[in-house]
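J.: First the structure, which I've put down as structure tokens, then a few questions once you've had a look.
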Amino acid sequence: MTTVPPFQRALEAHGDAVWRYLRGMVGAGAADDCFQETFLAALRAYPRLHRESNLRAWLLTIAHRKAIDHLRRRRRDALEPLGEEIEAKPQGDGAIWSAVATLPPRQRAAVLLRYGGDLAHREIAAAIGCSEEAARRSLHEGLKRLRETL
Amino acid sequence: MSSTPDPIETALRSSAGEATAAARRFADRAARRGADLFYAEEASPLGALLLVAGRRGLIALRYAPVDVEATLAELAERRSPRIVESAAGLDPWRRELSEYFEGARRRFEAPLDWRDIAGFRRRVLRATVAIPYGELESYKAVARKAGSPDAARAAGNALGANPLPIVIPCHRVRHAGGGLGGYTGGLERKRLLLAIESDAR
């Protein structure tokens, strides 16, 4: 077999990781739009994907691009700040999620890709588009800041 | 990083039920636009049916037990890996099938995909589609209509490889002497289909 598995299997296997990442990155209210955009873009490109590719890292890289686009649009449109939107959503780990929302985007992405997406440092670097060392530093800084906040 | 469970890490790893709902919304949307193939399992009086369709129409209808993974992997290879699971995407065929099982439908109108059905097999299956509801024809007659009057046995094989049973009604074909012949889903299902059609007449 030379082709990738049916797309449905990628959706089932990695939908959770993509959702966790997006929820933390753009907030629960916008996560669904970004989720739909992420998987639609992935579906388009899917037949050209190499069979040996790391599907989760690939999907999270697309999700990261969609999240950054969304945050740029939101900043331009000057909508309500991200923190409020997440706090408004009652959740058991609400405090942690709102603390995540206050991190600078780069650190937030690194923390979420590591724990929400379960990516290795090298994969986080590739998704964000920085060096492995910079990814490691963003992750470290982000976690430190989270622990101080909480 | 610490080795003891960290509440921050645990919270960020926690799975959200919303992800499942979002994935389902995506699959239904993709079945309308973006995906090349969509599939669903449908309950029926003949047991579960696996339905697979694409933009041109229904591609496969399989009786249980079916190896879903193998079927999808083969279609991913032969057609496209852009496959999603969506019952909504299969609505036109699901609706017609359920009407048929209730005896309320005699003809299937939702489109069928004939692309991978070629040659003699195609002629045999086309001739089979033309057999009216509730009527029976012999393998020999079907072979004749397919242009090969001496190929009753080959016609039987072509019918045995029908990728779209029920909607291409190969259950309406039997031996000239009256014997029921064979059936893709087993003779029990063939009898059931014929009973539905004779009850409804």
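The values are calculated or read from the model by the stated rules, or taken from the named source; none is laboratory data. From a predicted model like this one, the values you see are computed outputs, not experimental measurements. Don't worry about glycine lacking a Cβ; one is built from the backbone with ideal geometry, like all the others, and counts go over all protein chains shown. Surface accessibility is based on the protein's heavy atoms, side chains included, excluding ligands, DNA and RNA. Shrake-Rupley method; radii C 1.70, N 1.55, O 1.52, S 1.80 Å.
J.: Where Rh denotes the Kirkwood radius from the mean inverse Cα pair distance, what is Rg over Rh for the protein assembly as shown? Let's see the in-between values first.
T.: Details: Rg = 26.7 Å, Rh = 23.3 Å.
Computed over Cα atoms, the ratio is 1.15.
J.: Still on this structure, please answer the following. Take the solvent-accessible surface of the protein heavy atoms, probe 1.4 Å, and return the percent of it on the protein assembly as shown that carbon and sulfur atoms account for. Working shown, then result.
T.: Values: 8110 of 16450 Å².
In the protein assembly as shown, the share of accessible area belonging to carbon and sulfur is 49 percent.
J.: Considering every Cα-Cα pair within chain A, what fraction, in whole percent, is farther apart than 21 Å?
T.: On the way: 4804 of 11175 pairs.
Of all Cα-Cα pairs in chain A, 43 percent lie more than 21 Å apart.
J.: Could I ask something else about it? Take the alpha carbon atoms of the range A:1-67, find their radius of gyration, then divide it by 2.2 N^0.38 Å using N residues; give the quotient. Display every interim value, and only then the final one.
T.: On the way: Rg = 11.7 Å, N = 67, 2.2 N^0.38 = 10.9 Å.
So the range A:1-67 has a normalised radius of gyration of 1.08.
J.: For a quick size check, give me the Cα extents of the range B:119-200 along its three principal axes, largest first, whole Å.
T.: 33, 26, 21
J.: Something else now. Per-residue Cβ counts within 10 Å, from other chains only, averaged over B:17-29: what number is that?
T.: Details: counts 2, 8, 13, 4, 3, 14, 10, 2, 4, 12, 7, 0, 3.
Per-residue shielding by partner chains comes out at 6.
J.: With Kirkwood's inverse mean 1/r over C-alpha pairs for Rh, give me the Rg to Rh ratio of the range B:111-155, two decimals please.
T.: 0.98
J.: Convert 4 °C to kelvin, take the viscosity as 1.567 mPa s, use the Kirkwood radius over C-alpha pairs of chain B as Rh, and evaluate the Stokes-Einstein diffusion coefficient in µm²/s, rounded to a whole number.
T.: Values: Rh = 18.9 Å.
Estimated via Stokes-Einstein, D reaches 69 µm²/s.
J.: Considering every residue in B:71-81, what mean count of other chain Cβ atoms within 10 Å of its Cβ is obtained? Don't skip to the end; give the middle numbers.
T.: Values: counts 1, 5, 5, 1, 1, 10, 4, 1, 1, 5, 13.
The mean count of partner-chain Cβ atoms within 10 Å per residue comes to 4.
J.: Additional query: With the Cα gyration tensor of the range B:19-129 giving a ≥ b ≥ c as the square roots of its eigenvalues, does the rule (a/c under 1.5 for rounded; else a/b larger than b/c for prolate; else oblate) give rounded, prolate or oblate? Show your work: numbers first, answer last.
T.: Numbers: a/c = 1.70, a/b = 1.25, b/c = 1.36.
Because a/c hits 1.5 or more and a/b fails to exceed b/c, the range B:19-129 counts as oblate.
J.: Could you identify which residue out of A:61, A:38, A:102 has the top mean-square fluctuation in a GNM of chain A using Cα springs shorter than 10 Å?
T.: A:102
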